[in-house]
Amino acid sequence: MALLHVDFFSDVLGMGMNMDVILPQKTSKQIGMEGMAADGLYKTVYLLHGMSDDHTVWQRRTAIERYLSRLGIAVVMPSTHLGFYTDTTYGMKYWTFISEELPEICREFFPRMSDRREDTLAAGLSMGGYGAWKLALGAPDIFGAAASLSGALDMVGGCRREMVEEKRALFQGIFGSEEQLRGSDNDLFALAEKLAAKKAKLPRLYAWCGTEDFLYEDNQRAWAHVKRLGYDLTCEESAGDHQWRYWDEKIQDVLRWWLGVDMDLK
């Protein structure tokens, strides 16, 4: 695998941004790891971080590069700050950046990345789980599937209300008032309804949440909602709370689910 640290300028955000990118590489002499790279264009995962993190966290907290070594796919890990993957009320267009500008930039910089929706997955944890589902529901022509791990999937309901007392100014700056959020494209429940009503091809969705996680009940509500709307959802739960020991394990399940393979990635 090749690991690239990319500093680039975002016209949408008007500032320099960062992303780390893992690209497939065929290798035969690495000790303890075999590198594979498919012919043609690469399937690509956009791997999103949570509230306290940045573009480096998936490499520091998991063995993501090792899990990918025999899969021949690319991974884009962007920094998106505390923008909740949203065009904020204070004027920073993080949604436009992540859903439109970033895929265009990546495919310009790395022309072997496929532009087919079937080859493009959004995945993330916590805030990034919200962002991943939002990408599939809000930009389904680009992202054909999304996976949420311990995702903040119900921003109108419990998770926002729990966090807003501590971070009221932050959340109002991002989403506005609860009245502005409810029913908008930042409300995943409403976004899923709008896409389903269009009778368009729906993205595949995956979710996992631990039963001791403070977001567990929010996840249950979101899972039931998209199931009622007819989405192809694979949802899983198991003992666990909000920490990396579970996300490191579950990102392997995400890759197997998306690719339809049954192999040991460790």
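The values are calculated or read from the model by the stated rules, or taken from the named source; none is laboratory data. These numbers were taken from a predicted model, which means no experiment stands behind them. Ideal geometry is used to build each Cβ from the backbone, glycine not excepted, and the neighbour counts take in all protein chains shown. Ligands, DNA and RNA are stripped out before the accessible areas are found, and what is left, the full protein with its side chains, is counted by its heavy atoms. Shrake-Rupley method; radii C 1.70, N 1.55, O 1.52, S 1.80 Å.
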message = Keeping every protein chain present and rolling a 1.4 Å probe, give me the accessible area per residue for the chain in Å².
response = 43 Å²
ask   = Once the Cα atoms of helix 188-197 and of the chain are each reduced to a long axis, what angle between those two axes, in degrees from 0 to 90 to the nearest 10, is obtained?
value = 80 degrees
task = Assuming 0.890 mPa s and 25 °C, estimate D for the range 166-226 with Stokes-Einstein, Rh taken as the Kirkwood radius over Cα pairs, in µm²/s.
result = 181 µm²/s
ask   = How large is the dipole of the chain about the Cα centre if only Lys and Arg carry +1 and Asp and Glu carry -1, each at its Cβ, rounded to the nearest 20 debye?
value = 560 debye
request  = Rank G128, V226, G151 by how far each Cα sits towards the positive end of the charge dipole of the chain (+1 on Lys, Arg Cβ; -1 on Asp, Glu Cβ) and give me just the farthest.
outcome  = V226
ask   = Of all the accessible heavy-atom surface of the chain, with the other protein chains kept in place and a 1.4 Å probe, what percent is carbon and sulfur?
value = 48 percent
ask   = If you place +1 on the Cβ of every Lys and Arg and -1 on the Cβ of every Asp and Glu, how big does the dipole about the Cα centre of the range 173-266 come out, in debye to the nearest 20?
value = 640 debye
inquiry  = As a test of the formula, what do you get for the chain when each DSSP H run with n ≥ 4 contributes -39,500 (n - 2.57) and the sum is divided by the residue count, at 222 nm and rounded to the nearest 500 deg cm²/dmol?
reply    = -9500 deg cm²/dmol
remark   = Note on the range 28-161, DSSP bridge orientation, antiparallel percent to nearest 5 equals 5 percent
query = Hey, rough spin-label estimate for S114 and M15, points 7 angstrom out along Cα→Cβ, what's it come to in nanometres?
reply = 3.5 nm
task = For the range 220-240 and the range 90-158, write down the distance between their C-alpha centroids in whole Å.
result = 19 Å
key: Fraction of antiparallel bridges per DSSP, the chain only, in percent to nearest 5   = 40 percent
inquiry  = Given an 8 Å cut-off on Cα distances and at least 6 residues of separation, report the relative contact order of the range 106-255 as a percent.
reply    = 22 percent
inquiry  = I need two numbers for the chain: Rg to one decimal and Dmax as a whole number, Cα atoms only, in Å.
reply    = 17.6, 58
query = Angle, helix 127-138 long axis vs. longest principal axis of the chain, Cα atoms, 0 to 90°, nearest 10?
reply = 90 degrees
inquiry  = Given Cα positions, please report Rg to Rh for the range 122-266, the hydrodynamic radius being the Kirkwood one.
reply    = 0.97
request  = Measure nothing but the geometry: give the 0 to 90° angle between the long axis through the Cα atoms of 244-259 and the longest principal axis through the Cα atoms of the chain, rounded to 10°.
outcome  = 70 degrees
request  = Calculate the radius of gyration of the Cα atoms of the range 5-112 to one decimal place, then report Dmax, the largest Cα-Cα distance, as a whole number, both in Å.
outcome  = 15.1, 51
